[in-house]
Amino acid sequence: MNNLKAAYINELFKLYKKKKIYVAAILSAVSVAIGALISFLIKSFMGISALGGTNFPILVLPVLLNTLVSLFVVFICVDMFAGEFSANTIKFTLTTPVSRFKIFTSKVLAAVSFIFANLMLIMVLSLIASLFLPVSGGSILYVFSAYLVSVLPLTAFALMVILISNLTKGTTSAFMTSVILFLLFRGLELVFPAYSAIFFTSSYDWYTYFAAIGGYLNYGKILRLFLVQTGYITVFFTLGYTIFDKKQI
Amino acid sequence: MENAIVIKNLTKKYKNDRGVFDLNLTVEKGEIFGFLGPNGAGKTTAMKVMTGLSHADNGDVFLNGFSVRDDYEKATEKLGSIIETVTPYGYLTAMENMKMYARFYEGADEKRLEECLNLTGILKFKDEKVKNFSLGMKQRMGLALALVSNPEILILDEPLNGLDVEGMVEMRNLIVNLKNAYGTTFFISSHLIHDVELTCTKVGILYGGKLISTDTTENILKKYSSLENYYLSEVGTNE
């Protein structure tokens, strides 16, 4: 257990020392600021008031989930696996007295921590930005829930990228394959809406089912989507680990 | 004497038919074992399996009595290694790399890390990023990392690579001093046969993936004028 903790701290330390997370934080802040500015201009010039108040964080969430956050999940996960294998720095980690299962788990935990931190940062920034926008009401609890539950589909996506990073030989092919698969899944959801539930990316908007928090919630739908996502997470984790464990240096 | 390293029926075959075949070998605690062989003989392959970087097709390696395959964490608890090139994280400083390694070992505090960097002669560069290090400095860094755990076993693949003459002498002295002071067991591969002769207490020759000979340096030097002659004689009879 102590070895897992040490490996996890090391992964977080590596993330902290890389410029990518600072770029992610800066771009998140800039995106929120641009979103707030657009909302303000629409309100000022067109008189549409539906964009203000606590609705703003919910307005920003799907846009950033599908673009910036997913993109940085790809960057981080590709770097953790394909990047380390191609630079051979993985040897440093693999020669420590830690089993490959713990190393794999520590990397996944670090990726999930990044996702959580990035979402929380966007939530806080968008809540602050919404203070300067015309308020149209809304629940802070819903905003928090929406951002929190969005960690789950992003974790499934991160594990898919990790699986791809262990299958491909270089960082470029891992990155390109991940982005293409993400776009393909999103495209197939539109072409075959009846089968969208089988693509985990369709769960990106499952936070909308928490909108009635405090009132009536569609527990059946939430449970079904939760099971679909945890199913994907289990499958991607198992496959990713199996390939990682068999890798030869 | 207790065994530090036991290799049992180790086989690891690559697609090009090269590798290691049915390797059986025992190294006792406190020995400095020199692993010799021509390029492509399978030395690095065997060492990768010994450190868990590769998996064997068949057989197993036991370090301090623990199986590398089944009990990796215990087997490698008191192990330090350098396999092929040393690849610390270039965007981190030498000390940051050391601290990452130290998290896995109790008692590996800053004083111990500085001691390891000092032993390998790179303490003055501890705050420099590793990406700016020369090959020799990286090699010294690799040895410093390998020493963090106060290892009972050190597996070193070509440890003298990239070192200047002064560095080679320092490395040789360090190996002998660690053996004498702490009874550290060494498993070393090197092309520099003169250094092996000066350092190693026992020698094994790997040829075509098979162990063709093992003997103590003392016995070898009784029969041959130099380790080089012994090596050429053993390899020559197997060609």
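The values are calculated or read from the model by the stated rules, or taken from the named source; none is laboratory data. Predicted, not measured: the structure shown is a model, and the values here were computed from it. Using ideal geometry, Cβ is built from the backbone for each residue, glycine included, and neighbour counts are taken over all protein chains shown. Keep in mind that these areas ignore ligands, DNA and RNA; they rest on the heavy atoms of the full protein, side chains included. Shrake-Rupley method; radii C 1.70, N 1.55, O 1.52, S 1.80 Å.
Taking the condition within 13 Å of chain B (Cβ to nearest Cβ) and open to solvent by less than 10 Å² (accessible area, probe 1.4 Å), does A:Ala7 pass?
Details: within 13 Å of chain B (Cβ to nearest Cβ): yes; open to solvent by less than 10 Å² (accessible area, probe 1.4 Å): yes.
Yes; evaluated as a whole, the condition is true for this residue.
Restricting attention to the stretch A:38-74, and to residues there that are open to solvent by 60 Å² or more (accessible area, probe 1.4 Å) and among the polar types (S, T, N, Q), which single residue is modelled with the lowest pLDDT? Outline the logic, then answer.
Filtering the stretch A:38-74 down to residues open to solvent by 60 Å² or more (accessible area, probe 1.4 Å) leaves A:38, A:40-41, A:43-46, A:48-50, A:55, A:59, A:63, A:67, A:71.
Among the residues that remain, those that are also among the polar types (S, T, N, Q) are: A:44, A:49, A:55, A:67.
Details: A:Ser44: 75, A:Ser49: 57, A:Asn55: 82, A:Thr67: 94.
This residue is A:Ser49.
Which of the residues belonging to the stretch B:1-47 are under 23 Å from B:Thr237 (Cα atoms) and among the aromatic types (Phe, Trp, Tyr)?
B:Phe21, B:Phe33, B:Phe35, listed by residue number.
Any idea which residue in the stretch B:152-169 is modelled with the highest pLDDT, counting only those that are among the acidic types (Asp, Glu) and open to solvent by 20 Å² or more (accessible area, probe 1.4 Å)?
Keep residues of the stretch B:152-169 that are among the acidic types (Asp, Glu), which gives B:152, B:157-158, B:164, B:166.
Now restrict to residues that are open to solvent by 20 Å² or more (accessible area, probe 1.4 Å): B:152, B:158, B:164, B:166.
On the way: B:Glu152: 95, B:Glu158: 90, B:Asp164: 86, B:Glu166: 87.
Per the stated criteria, the residue is B:Glu152.
Take A:Ile180 and decide whether it is within 14 Å of chain B (Cβ to nearest Cβ), assigned to a helix (DSSP H, G or I) and of a type in the set (A, V, I, L, M, F, W, C). Step through it out loud before you land on a result.
Working: within 14 Å of chain B (Cβ to nearest Cβ): no; assigned to a helix (DSSP H, G or I): yes; of a type in the set (A, V, I, L, M, F, W, C): yes.
Considered against the rule, which asks whether it is within 14 Å of chain B (Cβ to nearest Cβ), assigned to a helix (DSSP H, G or I) and of a type in the set (A, V, I, L, M, F, W, C), A:Ile180 comes out as no.
Does A:Ile115 satisfy the condition of being within 14 Å of chain B (Cβ to nearest Cβ), closer than 22 Å to A:Phe175 by Cα, among the hydrophobic types (A, V, I, L, M, F, W, C) and open to solvent by less than 10 Å² (accessible area, probe 1.4 Å)? Can you show your working first?
Numbers: within 14 Å of chain B (Cβ to nearest Cβ): no; closer than 22 Å to A:Phe175 by Cα: yes; among the hydrophobic types (A, V, I, L, M, F, W, C): yes; open to solvent by less than 10 Å² (accessible area, probe 1.4 Å): yes.
Answer is no for this residue.
Answer yes or no as to whether A:Leu227 is open to solvent by 80 Å² or more (accessible area, probe 1.4 Å) and either touching a helix residue (DSSP H, G or I) at 6+ places or on another chain (Cβ under 6 Å) or modelled with pLDDT under 95 (or both). Lay out the reasoning, then the answer.
Numbers: open to solvent by 80 Å² or more (accessible area, probe 1.4 Å): yes; either touching a helix residue (DSSP H, G or I) at 6+ places or on another chain (Cβ under 6 Å) or modelled with pLDDT under 95 (or both): yes.
Yes: the conditions hold for A:Leu227.
So which of B:Leu117, B:Leu113 ends up being touching a Leu at 6+ places or on another chain (Cβ under 6 Å), part of a helix (DSSP H, G or I) and either touching a residue at least 12 places away in the same chain (Cβ under 8 Å) or within 11 Å of chain A (Cβ to nearest Cβ) (or both)? Working first, answer last.
On the way: B:Leu113 fails: touching a Leu at 6+ places or on another chain (Cβ under 6 Å).
It is B:Leu117.
Determine the pairs where a residue that is assigned to a strand (DSSP E or B), located within the stretch B:1-27, has a partner that is hydroxyl-bearing (Ser, Thr, Tyr) and open to solvent by less than 10 Å² (accessible area, probe 1.4 Å) with Cβ atoms under 8 Å apart, the partner being 6 or more residues away or on another chain.
Close Cβ pairs (under 8 Å, with a partner that is hydroxyl-bearing (Ser, Thr, Tyr) and open to solvent by less than 10 Å² (accessible area, probe 1.4 Å)) amount to B:Ala4/B:Thr185; B:Ile5/B:Thr185; B:Lys12/B:Ser54; B:Val27/B:Thr185.
Can you pull out every residue in the stretch B:42-80 that is open to solvent by 20 Å² or more (accessible area, probe 1.4 Å), in contact (Cβ under 8 Å) with a residue 12 or more places away in the chain and at the interface with chain A (Cβ under 8 Å from one of its Cβ atoms)?
B:Lys48, B:His55, B:Tyr72, B:Glu77
Taking the options B:Glu115, B:Glu84, name whichever one is open to solvent by 70 Å² or more (accessible area, probe 1.4 Å) and at pLDDT below 90. Reasoning before the result, please.
On the way: B:Glu115 fails: at pLDDT below 90.
Going through B:Glu115, B:Glu84 in turn, just one is open to solvent by 70 Å² or more (accessible area, probe 1.4 Å) and at pLDDT below 90: B:Glu84.
Take the residues in the stretch B:86-103 that are in contact (Cβ under 8 Å) with a residue 24 or more places away in the chain and more than 7 Å from chain A (Cβ to nearest Cβ), then tell me which one is nearest to A:Asn2 (Cα to Cα).
Filtering the stretch B:86-103 for residues that are in contact (Cβ under 8 Å) with a residue 24 or more places away in the chain and more than 7 Å from chain A (Cβ to nearest Cβ), the one nearest to A:Asn2 (Cα to Cα) comes out as B:Ala102.
Test each condition in (1) at pLDDT 90 or above; (2) under 30 Å from B:Gly65 (Cβ atoms); (3) touching a helix residue (DSSP H, G or I) at 6+ places or on another chain (Cβ under 8 Å); (4) open to solvent by less than 40 Å² (accessible area, probe 1.4 Å) for B:Phe133 and report the one that comes out false.
With respect to (1) at pLDDT 90 or above; (2) under 30 Å from B:Gly65 (Cβ atoms); (3) touching a helix residue (DSSP H, G or I) at 6+ places or on another chain (Cβ under 8 Å); (4) open to solvent by less than 40 Å² (accessible area, probe 1.4 Å), B:Phe133 is out only on (2).
Restricting the search to the stretch B:191-227, which residues are assigned to a helix (DSSP H, G or I) and more than 20 Å from the chain's Cα centre (by Cα)? Steps first, please.
Let us first name the residues in the stretch B:191-227 that are assigned to a helix (DSSP H, G or I), namely B:193-199, B:217-223, B:227.
Correct list: B:Glu218, B:Asn219, B:Ile220, B:Leu221, B:Lys222, B:Lys223.
Looking at the stretch A:82-112 only, could you name the residues that are at the interface with another protein chain (Cβ under 7 Å from one of its Cβ atoms) and hydroxyl-bearing (Ser, Thr, Tyr)?
The answer is A:Thr89, A:Thr95, A:Thr96, A:Ser99.
Exactly one condition in (1) more than 10 Å from chain A (Cβ to nearest Cβ); (2) over 17 Å from the mean Cα position of the chain (by Cα); (3) assigned to a helix (DSSP H, G or I) is false for B:Asp127; which is it?
Here B:Asp127 meets the rest and fails (3).
Can you name the residue in the stretch B:194-223 that is in contact with a Ser or Thr (Cβ under 7 Å, 6 or more places away or on another chain) and of a type outside the set (Val, Ile, Thr) and, of all such residues, is modelled with the lowest pLDDT?
So in the stretch B:194-223, the residues in contact with a Ser or Thr (Cβ under 7 Å, 6 or more places away or on another chain) come out as B:196-197, B:200-205, B:216-217.
Then keep just the ones that are of a type outside the set (Val, Ile, Thr); that gives B:197, B:200, B:202, B:204.
Working: B:Glu197: 91, B:Cys200: 94, B:Lys202: 96, B:Gly204: 95.
Once the filter is applied, the top-ranked residue is B:Glu197.
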